[in-house]
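The values are calculated or read from the model by the stated rules, or taken from the named source; none is laboratory data. Just so it is clear, the structure is predicted and the values come from calculations on it, not from any experiment. Here the Cβ positions follow ideal geometry from the backbone for every residue, glycine too, while neighbour counts run over all protein chains shown. When the accessible area is computed, the model is the full protein with side chains, heavy atoms only, and any ligands, DNA or RNA have been set aside. Shrake-Rupley method; radii C 1.70, N 1.55, O 1.52, S 1.80 Å.
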Amino acid sequence: MTETSATPKKFKISLTHSILLATVLGMVTGYIVGPSIAPIKIFGDIFLRLIQMSVPLIILGAVLEAVGQINPKELGKLGFKMFAWFGISTVLAAVVGLGLAFAIQPGVGLPPMETANPVQPPTQTITQVILNFFPVNIVDSMAKGSMIQVIVFAIVLGVAVSLNVRDDGDRSLLNGLRVFNRSLLTMIKVIMRTAPLGVFSLMAWVSGSLGFDIILPLAKYLGGIALGVVLIMVVMIAVTAVYVGVNPFKLAAKLSEMTLVAATTTSSAISLPVKMQDSENKLGVSKKISNLVNPLGMVLNSAGQALFLSMGSIMIAQFFHIDMPLSRAIQVVAISTLACMGTLAVPGGALIILASLMPTLGLPAEGIAILASVDWFRGMITTIPNVDCDALIALIIAKGEGEFNRDIFDGKVDPTRTAA
């Protein structure tokens, strides 16, 4: 008899499945242990901080490299396409949220609040909002996490770099940026190995602190948000698949990892590295387009926030029995769309924005307390279109600009070799 010495295959679980498993185990553990599990949250907070500490640099480096290597004339054309598609997806989300809010009526039947003392951020005029797009001190902007100001600075400096490259052909700064950006993404990959522990800790804290009962009175609200996200993603995936000429089911499958990261971290900023990596290595988007569209989309394209702002506004109006005529509903859509320009790309950012919009819409600020109790769960849902729509728009623009690699999308080419 001949003895076979075949080595058994080593079982290996993917990061995506690890995060999903950590989410379920965290919720179950938190529910069983209860509020006393709260100290475990520190591990989740450390994970989020490790990711967040590099986000301003990732955005600055990626946008600077992308803009710097594009001819200024091409940049104007790409900019128009980006803003057009960002506008379409955001308006679509706001309209979907409005329609579902009137159809489902999530604010009807909620129990009255006993306490509601939310902090009201100062309201800003349109001119102040526009002025705040432009930084006074870029170091201060990065320290405060003002993403839109970082992007404005990166675009302006990137145009200057592009002009220098065009005039004297010196690409040394661009080459240095490429190495720097690659090092940042490598660091993120290392940090992401701790994602299951971070996600487990956060989910255990949420379910242990709030329990499952608190979700029940707001089931219609969360269900409406989830249905809205499904509708938005079905439309966007279908449009993208038709335009690019790919299988919509295959396209949806390739969004799975960034979708899971978005849902479990509830942050577009934290999801940015995974979104950029999957856009290039799974969807076949060139690094040039990915580096430009994805960071900009994180700030300028917030479909999930638009959905939340429109549905949340109508829900609060229904709860307080405030009439919402068609003219006011249209105002809700317009304000929700504009408010998503340059908003906070971190967990809880949308709730702060809604609080600042309440006086403009004539709604009582106390309504924020209704939504705050389940805002983490809401964020898990609405961060998905924030992230996925960016990647889809990057794919659409890449196809139109001849920067789409179908072989990478079909899995026929090793994307790491293509990148090299």
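Any chance you could run the full-extension gain for Arg193 through Ile42? It's 0.36 nm times the residue separation minus the Cα-Cα distance, nm to one decimal.
Details: separation 151, 0.36 × 151 = 54.36 nm, distance 1.70 nm.
In short, 52.7 nm is gained.
Determine the alpha carbon to alpha carbon distance for each of Lys287/Lys399; Lys250/Lys399; Lys81/Lys412; Lys77/Lys288; Lys254/Lys399; Lys288/Lys412 and list only those over 19 Å. Mind dumping the intermediate values first?
Working: Lys287/Lys399 13 Å; Lys250/Lys399 17 Å; Lys81/Lys412 29 Å; Lys77/Lys288 14 Å; Lys254/Lys399 17 Å; Lys288/Lys412 21 Å.
Over 19 Å apart, Cα to Cα: Lys81/Lys412; Lys288/Lys412.
To the nearest 10 square angstrom, what accessible area does Lys399 show with a 1.4 Å probe?
Roughly 80 Å² of Lys399 is accessible to a 1.4 Å probe.
For the residue pair Phe102 and Arg171, what label-to-label distance in nm results when each label sits 7 Å from Cα along the Cα-to-beta-carbon direction?
5.4 nm
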